[in-house]
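Worksheet for the structure shown next.
The values are calculated or read from the model by the stated rules, or taken from the named source; none is laboratory data. Because the structure is a prediction, the values reported are computed rather than measured. Please note: Cβ atoms are built from the backbone with ideal geometry, for glycine as well, and neighbour counts cover all protein chains shown. SASA here: full protein model, heavy atoms, side chains in, ligands and nucleic acids out. Shrake-Rupley method; radii C 1.70, N 1.55, O 1.52, S 1.80 Å.
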Amino acid sequence: GQSLEQPSEVTAVEGAIVQINCTYQTSGFYGLSWYQQHDGGAPTFLSYNALDGLEETGRFSSFLSRSDSYGYLLLQELQMKDSASYFCAVTSGATNKLIFGTGTLLAVQP
Amino acid sequence: DAMVIQNPRYQVTQFGKPVTLSCSQTLNHNVMYWYQQKSSQAPKLLFHYYDKDFNNEADTPDNFQSRRPNTSFCFLDIRSPGLGDAAMYLCATSRARENRYEQYFGPGTRLTVT
């Protein structure tokens, strides 16, 4: 079967750094994406890793290790608006279809 | 602005009464997806169209059907909604060429079954 595991909840304070881990077991792996979803909103794309290593986009960075079937999303200088659910997702196949992880609810406290 | 539009945003239907949700896009993307998302769960892919080619997920119930009459529009038909089909239905698009991989999601349709 296919599975992506994430911690269910993470709590951090404003200004801090938080890392959200994702381990996956899938077939047809093309890359690992991260999406943010605020309560009641649609998922929005954050980052994508096809190769091993770190990708940086502003305050967000994402890491992938294909040999370990593992990735993480790093959020720096946390802001209250970062409180949301974060999903890792495997891109599976040439049609970019996504298999989503279990999701991590991030709560940023003052 | 280019975007993914879903109508209606909220839909109430009765148990067993067919319902159709619609999605349109102005991004000219060649792939359109339908996801089901239940409360506090991850989006689950139901099916997708790559151009005109329909791709069903193995565990999508037969109760769910889809149509894509042209590049811009895609419909989700639920033939006989059950209480367990109450969820947020998300439409997304992607350009599956030119090494583009991100998906663009519409705001979703929240379906209530009474």
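Please compute how much accessible surface disappears when A pairs with B, both sides summed, using a 1.4 Å probe, and round it to the nearest 100 Å². Don't skip to the end; give the middle numbers.
Working: alone 5850 and 6490 Å², together 10820 Å².
Buried area between the two chains comes out at roughly 1500 Å².
Ordering B:83, A:54 by how much accessible area each has at a 1.4 Å probe, largest first, what is the list?
B:83, A:54
Here the Kirkwood formula, the inverse mean of 1/r across different C-alpha pairs, assigns chain A a hydrodynamic radius of 13.9 Å.
Convex hull over the alpha-carbon atoms of the protein assembly as shown: what's its volume per residue in Å³? Don't jump to the answer; show the numbers that get you there.
Working: hull volume 28.4 nm³, N = 224.
Convex hull volume per residue, Cα atoms: 127 Å³.
Within segment A:40-65, the residues that become at least 40 Å² less accessible when every protein chain is included than when their own chain is isolated (1.4 Å probe; DNA, RNA and ligands ignored) are A:42, A:43, A:45, A:48.
Mean projected area of the Cα convex hull of chain B, taken over all directions, amounts to 7.1 nm².
Distance between the modelled labels on residue A:25 and residue B:70, one decimal in nanometres: 4.7 nm (7 Å Cα→Cβ projection).
The Rg/Rh ratio of segment A:5-55, with Rg taken over Cα atoms and Rh as the Kirkwood radius over Cα pairs, comes to 0.98. Measure off, as a whole percent, the carbon and sulfur share of the 1.4 Å-probe accessible area of segment A:40-95, all protein chains present. Using a 1.4 Å probe with all protein chains present, segment A:40-95 comes out at 51 percent carbon and sulfur.
How crowded by other chains is A:20-26, given as the mean number of beta carbons from other chains within 10 Å of each beta carbon? List each step's numbers first, then the result.
On the way: counts 0, 0, 0, 0, 0, 0, 0.
If you average over the peptide's residues, the count of other-chain Cβ atoms is 0.
Checking every one of the trypsin sites (Lys or Arg not before Pro) in segment B:30-81 against DSSP loop status and a limit of 10 other Cβ atoms within 10 Å picks out B:52.
Our coupling estimate for segment A:82-88, obtained by passing each phi through the Karplus curve with A = 6.51, B = -1.76, C = 1.60 and θ = phi - 60°, is 7, 5, 5, 8, 10, 10, 8 Hz, Gly and Pro reported as x. Residue B:29 exposes around 20 Å² of accessible area when a 1.4 Å probe is run over every protein chain in place. At what distance in angstrom do the alpha carbon centres of segment A:36-74 and segment B:26-69 lie from each other? Each part reduced to its Cα centre gives a spacing of 23 Å. Each residue of segment B:52-62 was assigned a 3J(HN,Hα) from its phi angle through the Karplus curve 6.51 cos²θ - 1.76 cosθ + 1.60 (θ = phi - 60°); the sequence is 9, 7, 8, 10, 9, 7, 4, 9, 6, x, 4 Hz, with glycine and proline shown as x.
Per-atom-type breakdown for segment B:46-114 gives carbon and sulfur 46% of the accessible area (1.4 Å probe, protein chains only). Highest average first, the peptides B:8-14, B:104-110 ordered by how many other beta carbon atoms sit within 10 Å of their residues are B:104-110, B:8-14. Accessible area per residue for segment A:1-102 is 46 Å², calculated with a 1.4 Å probe on protein heavy atoms, without ligands, DNA or RNA. Under the criterion of Cα pairs below 8 Å and six or more residues apart, the relative contact order for chain B equals 37 percent.
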